[in-house]
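I have placed the structure first, in the form of structure tokens, so that the comments after it can refer back to it.
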Amino acid sequence: MKKVIVLVSFLAILLVACSSSPTKKAEGKWQNENGDIITIKDESLKVTNDGMTIEGSIKDDKEHKDLAKINLNGEKGYIKVG
């Protein structure tokens, strides 16, 4: 019985990991070659440069695989999440 419970738990974790959305894959903090610091957490997007911060949103796009739809300071666009 313990083996069945462990196997079911492992399969549930594997299913969650494999079904990760583009937005979840993009979470983190990076700095690009221009010095911009980009932070993505949940559905929040923040870009900081020279002490100025712009905030926006990032969401999965159901129509495009591996793309996330962003809205940053009123401008909409897509980013590829690999």
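The numbers here are math on the coordinates, done by the rules we state, and not lab data. Note that the structure is predicted; figures quoted are calculated from it, not measured. We place every Cβ from the backbone using ideal geometry, glycine too, and count neighbours over all the protein chains shown.
Could you give the radius of gyration (one decimal) and Dmax (whole number) of the Cα atoms in segment 22-80, in Å?
Reported Rg and Dmax, both Å: 11.2, 35.
Among Lys41, Lys62, rank each residue by its count of other Cβ atoms within 10 Å, from fewest to most, as a rough exposure measure.
Ascending Cβ contact count within 10 Å gives the list Lys62, Lys41.
Would you mind working out the magnitude of the charge dipole of segment 22-80 relative to its Cα centre, with +1 at each Lys and Arg C-beta and -1 at each Asp and Glu C-beta, to the nearest 20 Debye?
240
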